[in-house]
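I have placed the structure first, in the form of structure tokens, so that the comments after it can refer back to it.
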Amino acid sequence: MSGCMRKFLLLLPALAFSLAAHAQRSFYRVYQYEQPLKGWLEATLWTTVVPSSRLDYEHFGEGLSRNGLSAHSLEFEYGLTDQSTFGVYLNAENPGGAGLQVSQFQAVYRYRLARRYEHFINTSFYLGYIVPRQRYDNTQELEVRTVLEHDFNDLRVVLNPTLSKAISGEEARFWPTTRLDAGVYYRRFYHLQPGVELYNEFGELGVFRQPHYHQLFPTLDLRGFGFDLNLGLGLPLTSSDDRLVVKALLVYSLGVVRPELLFHRGQRSTANQ
Amino acid sequence: MVRSTEATEVQLNLAHKQGYAEERAEKWYLTHAAPAAHQQPAGEYIVAYTLSAPEGWYELAGQALVWHPPAPDATAHLRVFVRDGADDRPLPGLTVQATFTPAGGGARPAQAVPAGWYPLASAYGTNVALPPGRYQLRLDLSRLPFRRHDPYNGDRLTHPVVVEFDQVPLAATLAAQPPLSDLAAADTELAQAQGDVEHQTLDALYEDVNSGGAQRTGDYLVGFAVDYALATWNFDEKKNKFTYEIDTEESAQLNAHVEATVQEARTGRFVPGLHLTATLTGPDGRDLGTQELPFEWHPWAFHYGQNWRVARSGDRYRLRLRAEAPTFRRYGRTLGRVFERGFDVGFDSVRVVTGAK
């Protein structure tokens, strides 16, 4: 057995732990084709609470329990064109009441193809760049997500196949990890829309016999007064998942931000003949 | 205006063509009324006025059109053209008020200038009874009251505008001249040009939506366009501004948009100012109700429209469109005799595909 192979075998348990530690995510959202249109600004407050978990995770170099963890993210997304948006996120974590600390910064570019319904499947792409605080983690990550969506009368079905690749730190040498998030929503009514979301993580691409994670979220979208509140209750489908997760996404549209509209709208005009 | 989810470059170009055709007709009026005519950009509008010979008009009285000659004391006809500064299209449905102030001061009471149907162009107009002289003409224009389709371009024309024209000459000889609406009979190709562009535009609209078409009935060419439901900018009385109501975008509560287009059959010009209703009947004969279709501003194809809820995508429905004869004044002794009746027209086998944009 060569030295390299021996080192690899010795590293395997560490790799498995590493994947487990990073596989449990803090934020849950199935992205839809809809996104802020040109000139529109949208704010989203993400909150995830883990009331019950047997899992550990790494927080600023410390191994902590996910039990009692709460994670928050504030996002602003602006429509550059009707097809593309740019968003920034600030993520923070509070493990078991230890105090809220900013953990990551994230920049996201979204691009959608065509107009809605122009094709059988409405398709868009999401490119995320995650930069953690140095003390939190030294792994910067790229995330590529595809949004595939189709409406069947009042039902909307959405799939988000996703690839994540660490581009710095120790994990940079691994293949991308794969995820498939899916959602089905009953959209008959505006104010109340029940749905089901399924989050699946399959680990590193091409590596077999590694733990998979599957969580099922019954969700409820409540809309009114300009707000959209997406609530979900995460239930584990494998023993490697948190026992219970509660998520809430509060979305508020800040309207059109177009500097040119601040001038020359209504005015008095005089003509001398 | 710019490309948006509601308008491609090609479609916006159609709006410019409409504006150009309208502007040519407006120029005809300005040329024939000179020197009592002027054009001025104001806010997001382009506003022009003409003062010409007093005009008679047809107006609906009961079931028939009745000719109203100008009042004996009328000394001029004030015509006001309001176009969108972005694409030159005429803007219907505004509230326009005119105030004349003689050179020596002492403003006359403000006078309403209602929308009228002129042989060559869309305009607002009324006869005035003022002694000859020079005046300052103040025009108060309301915001465009209609709801708007476009999430980006729809947030325009939201503020009232005041335009003042100084040194407006009112000649003593106007009353003895022939009305411009009668002279216009010799230049109807200008109206026809607007109609040709309108045909092109509506053909593009019928092509763009899920289902569309038109048929002639009486003085009208009535069309329909059925597409996915969509959100609109609506005027919020409490906030005193237009807000974009996304209910439709974010649910399937309303899942189709039924639009109607109405043209004058002779020229093809778009007919604004109608009270129009639509009735949808399902494939099983079930009536899905009757709704009013208000006028809707659109970045390239004005129409009447309303969101709807239908049970299933892909079914074929019967669409019935009805309107009473319009109440606006029709100017021109010959060409003004139009729209004596309303219409009641049905379209069978209209395919409705559901969804919300």
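The values are calculated or read from the model by the stated rules, or taken from the named source; none is laboratory data. Note that the coordinates shown come from a computational prediction; the quantities given were computed from them, not determined experimentally. A quick note on method: Cβ atoms are made from the backbone with ideal geometry, for glycine too, and the neighbour counts reach across all protein chains shown. Just the protein is used for accessible areas: all its heavy atoms, side chains included, with ligands, DNA and RNA removed. Shrake-Rupley method; radii C 1.70, N 1.55, O 1.52, S 1.80 Å.
Mean separation of Cα pairs under 8 Å and 6+ residues apart, divided by the residue count of the range A:113-199: what relative contact order is that in percent? Display every interim value, and only then the final one.
Numbers: 180 pairs, mean separation 18.2, N = 87.
Dividing the mean separation by the residue count of the range A:113-199 yields 21 percent.
Find the relative contact order for chain B and round it to a whole percent, using C-alpha pairs within less than 8 Å whose residues are 6+ positions apart.
Reported as a whole number, the value is 19 percent.
Taking +1 at the Cβ of each Lys and Arg and -1 at the Cβ of each Asp and Glu, which of A:TYR199, A:GLY224, B:LEU230 sits farthest along the dipole of the protein assembly as shown towards its positive end, judged by Cα position relative to the Cα centre?
About the Cα centre, the residue reaching furthest to the positive side is A:TYR199.
For a Förster distance of 41 Å, can you work out the FRET efficiency between the beta-carbons of A:LEU180 and B:SER349, rounded to the nearest 0.05? Working shown, then result.
Working: r = 42 Å, r/R0 = 1.02.
The calculated FRET efficiency here is 0.50.
Based on Cβ point charges of +1 for Lys and Arg and -1 for Asp and Glu, what charge dipole magnitude is obtained for the range B:1-97 about its Cα centre, in debye rounded to the nearest 20?
The calculation lands at about 160 debye.
Compute the Cα gyration tensor for the range B:64-123, then decide on rounded, prolate or oblate, letting a ≥ b ≥ c be the square roots of its eigenvalues: rounded whenever a/c is under 1.5, prolate when a/b is larger than b/c in the other cases, and oblate in all that remain.
In terms of gyration-tensor shape, oblate.
Given a 1.4 Å probe, how much area per residue of the range B:208-303 is accessible, in Å²?
Using a 1.4 Å probe on heavy atoms only, each residue of the range B:208-303 averages 36 Å².
Using alpha carbon centroids, what distance separates the range B:217-259 and the range B:22-44, in Å?
33
Once you have a ≥ b ≥ c as the square roots of the Cα gyration tensor eigenvalues for the range A:32-159, tell me rounded if a/c is under 1.5, and otherwise prolate or oblate according to whether a/b is larger than b/c.
Prolate, since a/c reaches 1.5 and a/b exceeds b/c.
Would you compute, from DSSP H runs of 4+ residues alone, the mean residue ellipticity of the protein assembly as shown at 222 nm, taking -39500 (n - 2.57) per run and dividing by the full residue count, rounded to the nearest 500?
Mean residue ellipticity at 222 nm (helix-derived): -3500 deg cm²/dmol.
Taking the dipole about the Cα centre of the range B:249-347, with the C-beta of Lys and Arg at +1 and of Asp and Glu at -1, give me whichever of B:ALA311, B:LEU293, B:PRO326 is farthest to the positive side.
Going by the Cα projections, it comes out as B:PRO326.
Beta carbons within 10 angstrom, averaged per residue: use that to sort the peptides B:124-136, B:215-227, highest first. Display every interim value, and only then the final one.
Values: B:124-136: 18.3, B:215-227: 20.8.
In decreasing order of mean packing, B:124-136, B:215-227 become B:215-227, B:124-136.
Within 10 Å of each Cβ of A:29-38, how many other protein chain Cβ atoms are there on average?
2
Calculate the dipole size of the range A:142-242 relative to its Cα centre from +1 charges on Lys and Arg beta carbons and -1 charges on Asp and Glu beta carbons; express the result in debye to the nearest 20.
It works out to roughly 180 debye.
Carbon-plus-sulfur fraction of the accessible area of chain A, 1.4 Å probe, in percent?
On the way: 8900 of 13460 Å².
Carbon and sulfur atoms account for 66 percent of the accessible area of chain A.
Determine, for each peptide in A:110-118, B:268-276, the mean count of other beta carbons within 10 angstrom over its residues, then list the peptides with the highest first.
B:268-276, A:110-118
In terms of Cα to Cα distance under 24 Å, which lysines are near enough to B:LYS239, apart from those fewer than 8 places away along the same chain?
Answer for B:LYS239, where 24 Å is the Cα cut-off: A:LYS38, listed by chain and number.
Residues of B:154-167, mean number of Cβ from any other protein chain within 10 Å of their own Cβ, rounded to a whole number? Please report the intermediate quantities before stating the final value.
Numbers: counts 1, 6, 2, 2, 3, 4, 3, 5, 5, 5, 5, 5, 4, 3.
Other-chain Cβ atoms within 10 Å of each residue's Cβ, averaged: 4.
Mind listing, in residue-number order, the residues in the range A:159-207 that have at least 20 Å² less accessible area with every protein chain present than in their own chain alone (1.4 Å probe)?
So the qualifying set is A:ARG187, A:ARG188, A:TYR190.
Amide H neighbours of A:SER103 under 5 Å, counting only residues 5+ apart in sequence or on other chains, H built in-plane at 1.01 Å?
Here the answer is A:ASN91, A:ALA92, A:GLU93, since their amide H atoms fall under 5 Å of that of A:SER103.
For A:THR81 and A:PHE125, compute 0.36 nm times the residue count separating them, minus their Cα-Cα distance, and round to one decimal in nm.
Length gained between A:THR81 and A:PHE125: 14.4 nm.
So for the protein assembly as shown, taking the charge dipole from beta-carbon charges (+1 Lys/Arg, -1 Asp/Glu), which of A:HIS119, B:GLY85, A:VAL256 sits furthest toward the positive end?
My answer, from the dipole projection, is A:VAL256.
Could you derive backbone 3J(HN,Hα) for the range B:42-51 from the dihedral phi with the Karplus parameters 6.51, -1.76 and 1.60 (θ = phi - 60°), listing whole Hz in sequence and x where the residue is Gly or Pro?
My calculation for the range B:42-51 gives 8, x, 8, 9, 10, 10, 9, 10, 9, 10 Hz in order.
Using the crude model of +1 on Lys and Arg Cβ and -1 on Asp and Glu Cβ, and no other charge, please compute the dipole size for the range A:3-256 relative to its Cα centre, in debye to 20.
For this selection, approximately 260 debye.
Could you tell me which of rounded, prolate or oblate describes the range A:3-256, using a ≥ b ≥ c as the square roots of the eigenvalues of the alpha-carbon gyration tensor, with rounded for a/c under 1.5 and, failing that, prolate when a/b is larger than b/c and oblate otherwise?
Prolate, because a/c is 1.5 or more and a/b exceeds b/c.
Hey, quick one: spin label on A:THR47, modelled 7 Å out along Cα-Cβ, who in the range A:56-76 has an amide N within reach, i.e. under 20 Å?
Flagged as within label range: A:66-76.
Using only Cα atoms, locate the centre of the range B:281-357 and the centre of the range B:97-158, then give the distance between them in Å, rounded to an integer.
Centre-to-centre (Cα) distance: 29 Å.
Describe numerically, in nm with one decimal, the distance between label points set 7 Å from Cα along Cα→Cβ at B:ARG108 and at A:SER240.
In this crude label model, B:ARG108 to A:SER240 measures out at 8.7 nm.
Tabulate in residue order the Karplus-calculated ³J(HN,Hα) for the range A:163-170, using 6.51 cos²θ - 1.76 cosθ + 1.60 with θ = phi - 60°, rounded to whole Hz; enter x for Gly and Pro.
With coefficients 6.51, -1.76 and 1.60, one gets 10, 10, 9, 6, 10, 8, x, 5 Hz.
Going by amide H atoms built from the backbone, whose H comes under 5 Å of the H on A:ASP82, apart from near neighbours?
Excluding prolines and chain starts, which carry no amide H, the hits are A:LYS38.
Nearest 100 Å² is fine: how much accessible area is buried between A and B, summed over both sides, with a 1.4 Å probe?
Approximately 3600 Å² gets buried when A meets B.
Contact order normalised by length for the range B:308-357, with contacts defined as Cα pairs under 8 Å and 6 or more residues apart; what percent is it?
Over the range B:308-357, the number comes to 55 percent.
Give me a comma-separated list of calculated 3J(HN,Hα) values for the range B:118-125, in order, Karplus coefficients 6.51, -1.76, 1.60 applied at θ = phi - 60°, integers in Hz, x for any Gly or Pro.
Result, ordered by residue: 9, x, 10, 8, 7, 7, 9, x Hz.
With the crude spin-label approximation of a point 7 Å out along Cα→Cβ, what separation in nm comes out for B:ALA311 versus B:ALA172?
My value for the distance between the label points is 7.6 nm.
Using mean Cβ contacts within 10 Å as the protection proxy, how do A:94-103, A:45-54 order, highest first?
A:45-54, A:94-103
Report, by chain and number, residues whose modeled amide H sits under 5 Å from the one on A:ARG188, excluding near sequence neighbours (fewer than 5 apart, same chain).
Sorted by chain and number, the residues that satisfy this are B:ALA252.
Heavy atoms only, probe 1.4 angstrom, no DNA, RNA or ligands counted: give me B:ARG89, B:ARG309 ranked by accessible area, highest first.
Ranking B:ARG89, B:ARG309 by accessible area, largest first, yields B:ARG309, B:ARG89.
Let me know the mean shielding of B:245-251 by other chains, meaning the per-residue number of their Cβ atoms within 10 Å of its Cβ.
6
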